[in-house]
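Notes follow once the structure below has been shown.
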Amino acid sequence: MRYALAFQYVGTNYHGWQIQPNAHSVQAELQAALSTLLQEKVELVAAGRTDTGVHAEKMFAHFDSTKSWTEREFIHRINSILPPDIAALKLYAVNDDFHARFDALSRTYRYQICHSKQAFMQYRAYLFPFDLDLDSMNTAAEYMLGEHDFSCFSKARTQTFTNNCELYVANWSKTAYGVKFEVKANRFLRNMVRAMVGTLIEVGEGKRSPESMKDLIKSKNRSKAGASVPAHGLYLTDVKYPE
């Protein structure tokens, strides 16, 4: 039987989602807990990958099991095994052909910036103690909307069939301690959001014009975009699937 699991994690202590040699990953921790609970080998397939230090408020993965569970019992028992920084949220019984990655319609990320030191936001937001012009940043972000080749914001030599993505939302807004960027798309390239944020910060500082975003995207050249911002300010906040 196939299940989909919604879960969340704080990425501070992990080298990203994916299992890798000699590194502590969220996938390894969660698979080990599931194998302990189910008493069988479990392989998780997630909606996507997050890099070292990136957090997830809601991530999805699917797995197969020979056992049948009620959601309440499963969530209670798996959370008693998982470490404090990983939490199972909800269990869904799904069709056998459901795929957590390929069936996803969209993913949403948030990037958090603090303008002053906040003890409770350490490793949860990027400390950037300078003023930013949000109007200019939002104007620039509008040029990202729609379907484009986003190679200028992608790490080089990634194993992707295409660098085309369709952005539905790209918006900056104020928070109690700074600003945040929310972006929603059908898919994201590796390092894409962090490179976008770094570039838009340069717009907010007056180092780039909002209109320059058009030529940057057309260039498909990563070296012409801004530096990537630190991973610890980035959150995967939602993944949407067909009803």
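We did not get these values from a lab; they are worked out from the coordinates using the rules stated. Please read all numbers here as calculations on a predicted model, not as lab measurements. So basically every Cβ, Gly included, is an ideal-geometry build from the backbone, and we count neighbours across all protein chains shown.
About its Cα centre, how strong a charge dipole does the range 2-94 have in debye, to the nearest 20, once Lys and Arg get +1 and Asp and Glu get -1 at the Cβ?
Values: 8 positive and 9 negative charges, 38 e Å.
The dipole of the range 2-94 has a size of about 180 debye.
Given 0.36 nm per residue, what is the gain on full extension from Ser65 to Ser173 after removing their alpha carbon distance, in nm? Please list the in-between numbers first.
Details: separation 108, 0.36 × 108 = 38.88 nm, distance 4.28 nm.
Net length gain for the segment: 34.6 nm.
Taking square-rooted eigenvalues a ≥ b ≥ c of the alpha carbon gyration tensor, is the range 116-176 rounded, prolate or oblate, where a/c under 1.5 means rounded and, failing that, a/b exceeding b/c means prolate? Since a/c reaches 1.5 but b/c is at least a/b, the shape of the range 116-176 is classed as oblate. About the centre of its Cα atoms, the range 149-196 shows a dipole size close to 220 debye [charges on the beta carbon of Lys, Arg (+1) and Asp, Glu (-1) only; nearest 20 debye].
A 26 angstrom limit on the alpha carbon distance is what I want to check against. Which of Lys117/Lys214; Lys58/Lys174; Lys155/Lys207 exceed it? Distance filter (> 26 Å) returns Lys117/Lys214. The radius of gyration of the Cα set in the chain, together with its Dmax, comes out at 18.9, 58 angstrom. Build a GNM of the chain with springs between Cα atoms under 10 Å apart, and of Val229, Val183, Val94 the one that fluctuates most is Val94. If you run the Gaussian network model on the chain, springs between alpha carbon atoms under 10 Å, then out of Phe63, Phe128, Phe181 the most flexible one is Phe128.
By average Cβ neighbour count within 10 Å, what is the ranking of 204-217, 67-80 from highest down? Don't jump to the answer; show the numbers that get you there.
Details: 204-217: 15.9, 67-80: 13.6.
The densest-packed peptide leads the list: 204-217, 67-80.
Share of pairwise Cα-Cα distances greater than 11 Å in the range 78-121 is 81 percent (whole percent).
Shape annotation for the range 2-94: C-alpha extents along the principal axes are 33, 24, 23 Å, from largest to smallest.
Over the Cα atoms of the range 106-240, Rg to Rh with Kirkwood Rh, two decimal places? Write down the numbers at each step before the final one.
Details: Rg = 14.0 Å, Rh = 14.9 Å.
So for the range 106-240, dividing Rg by the Kirkwood Rh gives 0.94.
Among Gly226, Gly146, Gly178, the residue with the largest mean-square fluctuation in a Gaussian network model of the chain, with springs joining Cα atoms closer than 10 Å, is Gly146.
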